[in-house]
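What follows is a single structure, written as structure tokens, with notes after it.
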Amino acid sequence: MARPYNFCGGPATLPESVLKQASQGLFDYQGRGYSVLEMSHRSGVYDEIYQETKAGLRSLMAVPDDYDILFLQGGATLQFSMVPLNLMKPENGSADFVTTGVWAEKAAAEARRFGTVREIASSKDQNHTAFPNLETLAVNPNADYLHITTNNTIYGTRMHSALPTTAIPIVADASSHILAEPLDVSRYGVIYAGAQKNIGIAGMAVVMIKQELIGKARKETPVLLDYGIHAAKKSAYNTPPVFAVYMAGLVFKWAQALGGVSALHELNLAKAKLLYDFLDGSSLFFPLVQGPSRSLTNVTFRMHREDRADAFHEEATARGLLNLKGHRSVGGMRVSLYNAMPLEGVQALVAFLKEFEAKI
Ligand SMILES: *Cc1c(COP(=O)(O)O)cnc(C)c1O
């Protein structure tokens, strides 16, 4: 049976070749007779997987030498808490936030438990359908960091301007577009991402952090939330998510073989253009985001005939085009075009949208 095209926002589709390799490793890792799921995280075999995974990401994103790469549990959401615990001063700590959607608001709410949060830009008054220009923002020079959600998974917007000029560390939640387009790691103090969108499977977050920011957690910080502990223990203070690290390693090798982030970016531009061009010319469907704010990885749209929504999703599913429903807070449709979605998937989707439109 042909695999359906899965446009889910996350957990998301994975490259077929990676799934095949993983199914081998799931049963018998490289002829050793045991599964990746069964291996000791203190073994040399796991250490090799860990080192390769880390090196894979360092190479793909050109992560500078003075940055550490951590593989942590708790998803992107735990980073909402870990960032303030580790980066905010214990006395009079504060952070500036750009709030461009639900995830950014959740991150801000968590930071507010530990210090003062100042919202310096927001897209709320536009229902988060446009990403504010950040270039000219006045960032508080005394804040401990500036937090930006660089791609908004639910609304389909992305940061498109240059970063503001500031000497304080910039923290990015890049969960839904990491590895989909170039990101200059050296401009950030911390970049974090849940793995289940563009890196691998649920159960892990990747954190790239400048070394000078490590080891400064406030003293009441629980041990497992301290970047310093994870950095010192090579992300294995306790049992790490072994299979998730292994999966990320396979995805990184797959991405490298395709030509790395710049090649994937080209492909993602082509995929997104195909869909946005269709939506812009459609008489039935209309995109929710205009101009440079448009995300390459999450495309949101609606249709003029909401009464046909159930039929739309039913027919799409029957055609092997899965998970086109928008996030429950936005409604309509959302199509996630992460790296593992081939161009053929978008072509099949657009063909279906055209047919559906012609019938109405
Ligand atoms: C999915 C997502 C999250 C939440 O990720 P979890 O791994 O489920 O905690 C946070 N931020 C962004 C931008 C996301 O897309």
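Coordinate-derived values only; no laboratory data. What you see is a predicted model, and the numbers here were worked out from it, not measured in a lab. Counting neighbours? That spans all protein chains shown, and the Cβs are built from the backbone with ideal geometry, glycine included.
Looking only at the stretch 5-30, count how many residues are farther than 19 Å from A255 by Cβ, away from the ligand (no atom under 16 Å from the Cβ) and part of a loop (DSSP other than H, G, I, E, B). So the count comes out to 1.
Pairs meeting the criteria (first residue in the stretch 225-248 and more than 22 Å from A202 (Cβ to Cβ), second residue buried (at least 17 other Cβ atoms within 10 Å of the Cβ) and among the β-branched types (V, I, T), beta carbons under 6 Å, at least 6 apart or on different chains) are G228/I214; A231/I214. Could we say that V117 is surrounded by 18 or more Cβ atoms within 10 Å (Cβ to Cβ), closer than 18 Å to S293 by Cα and away from the ligand (no atom under 12 Å from the Cβ) here? In short, no. Residue pairs whose Cβ atoms lie under 6 Å apart, separated by 6 or more positions or on different chains, with the first residue in the stretch 67-91 and more than 16 Å from the ligand (Cβ to nearest atom) and the second of a type outside the set (V, I, T) and assigned to a strand (DSSP E or B), are Y67/M208; Y67/K210; I69/M208; L87/Y145. Residues in the stretch 10-33 that are of a type in the set (S, T, Y) and surrounded by fewer than 12 Cβ atoms within 10 Å (Cβ to Cβ): S23 alone.
Residue-by-condition table, conditions (1) within 16 Å of the ligand (Cβ to nearest atom); (2) assigned to a loop (DSSP other than H, G, I, E, B); (3) closer than 24 Å to N127 by Cα; (4) out of contact with any Asp or Glu (no Cβ under 7 Å at 6 or more places or on another chain):
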site: I148; (1), (2), (3), (4): yes, no, yes, yes
site: T165; (1), (2), (3), (4): no, yes, no, yes
site: V171; (1), (2), (3), (4): yes, no, yes, yes
site: S176; (1), (2), (3), (4): yes, yes, yes, yes
site: L179; (1), (2), (3), (4): yes, yes, no, yes
site: P182; (1), (2), (3), (4): no, yes, no, yes
site: I191; (1), (2), (3), (4): yes, no, no, yes
site: Q196; (1), (2), (3), (4): yes, yes, no, yes
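Here R308, R328, R334 are screened, and the one residue that is at negative phi, part of a strand (DSSP E or B) and either over 16 Å from the mean Cα position of the chain (by Cα) or in contact (Cβ under 8 Å) with a residue 40 or more places away in the chain (or both) is R334. With respect to being under 30 Å from N140 (Cβ atoms) and within 16 Å of the ligand (Cβ to nearest atom), K106 fits the description.
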